[in-house]
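J.: Sending over a structure as structure tokens; questions will come in a sec.
The values are calculated or read from the model by the stated rules, or taken from the named source; none is laboratory data. This one's a predicted model, so the numbers in the text were calculated from it and none came from an experiment. Counting neighbours? That spans all protein chains shown, and the Cβs are built from the backbone with ideal geometry, glycine included.
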Amino acid sequence: MYKSVLFFLYLHTLFYTIVLEQFGNIKLPVPIKKIVKFLGYRLVPYSSFAQRHNLTYKETVDYFGTDDACSDYEKNTNIYVVYFNDMDKAKIENHRIRWNIAHELGHIVLGHHKTENTRLFRNSLSFKEYNRLEEEADAFASYILVPYIVLNFQRIGMPEDIARICKISATAAKYRFTDFFLWAIRINAAPLGYGTR
């Protein structure tokens with residue numbers, strides 16, 4: 001996870017600007033698809049793209065270069081598009097789609113597309129630069145989907161609680177669970193719901 005304090009504060013501010021000011025309050029799970037649409041970006045499921053272009057699942061994944069999601073900037077329409085994989089049952093069942101959409105929104109909001117490329121391609125960036133952009137987008141997804149200040153008022157005793165409340169994968173919830181308690185320690189407060197199970 002990206003560790004810069006300034007970057008953390010930037011993401012914290014972005015979260016409140018995007019979610020709190022635009023939607024009036026914070027409800028969990030955070031409505032990530034509504035946020036993307038509210039910001040004026042398009043959401044396109046892989047299934048719609050595949051059907052429109054008569055592609056198989058494999059051809060669709062090959063076209064986008066990922067079986068998760070990607071985002072593009074369309075210069076001719078001046079709009080960002082988030083493509084996400086809704087064709088993989090496992091991604092649907094474990095809420096991976098929500099994380100992937102938030103991750104791609106992170107790339108957009110954090111200005112990662114402000115280059116000659118309209119899509120981020122791993123082979124067009126140095127290893128270090130690509131990893132930095134991925135860490136930043138993951139940090140954005142984490143802060144927008146798992147807002148610690150809101151979780152602090154929930155009964156969180158296990159990673160599964162975060163997975164259920166925030167509708168994220170069990171794997172992501174394990175990382176967020178650890179970070180959530182470290183955050184609570186940093187602000188010198190025990191999580192309000194801790195130990196209440």
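J.: Quick one: which of F23, F84, F38 is at pLDDT 90 or above, aromatic (F, W, Y) and over 20 Å from R132 (Cβ atoms)?
T.: Every option except F84 fails the conditions.
J.: Restricting to region 159-196, and then to whatever is in a helix (DSSP H, G or I) and of a type in the set (K, R), can you tell me which residue is modelled with the lowest pLDDT?
T.: R186
J.: Moving on to the next point. Give me a count of the residues in region 41-65 that are without any contact (Cβ under 8 Å) to a residue 40 or more places away in the chain and either surrounded by fewer than 15 Cβ atoms within 10 Å (Cβ to Cβ) or small (G, A, S) (or both).
T.: Number satisfying all stated conditions: 11.
J.: Criterion first (of a type in the set (F, W, Y) and part of a strand (DSSP E or B)) does Y63 satisfy it?
T.: Here the answer is no, as Y63 does not meet what is asked.
J.: Criterion first (β-branched (V, I, T), surrounded by 14 or more Cβ atoms within 10 Å (Cβ to Cβ) and assigned to a helix (DSSP H, G or I)) does V81 satisfy it?
T.: No: the conditions fail for V81.
J.: For region 86-108, what are the residues that are part of a loop (DSSP other than H, G, I, E, B) and either aliphatic (A, V, I, L, M) or crowded, with 23+ Cβ neighbours inside 10 Å (or both)?
T.: M87
J.: Here is a further query. Please give the number of the condition E135 fails out of (1) surrounded by fewer than 17 Cβ atoms within 10 Å (Cβ to Cβ); (2) more than 26 Å from F38 (Cα to Cα).
T.: (2)
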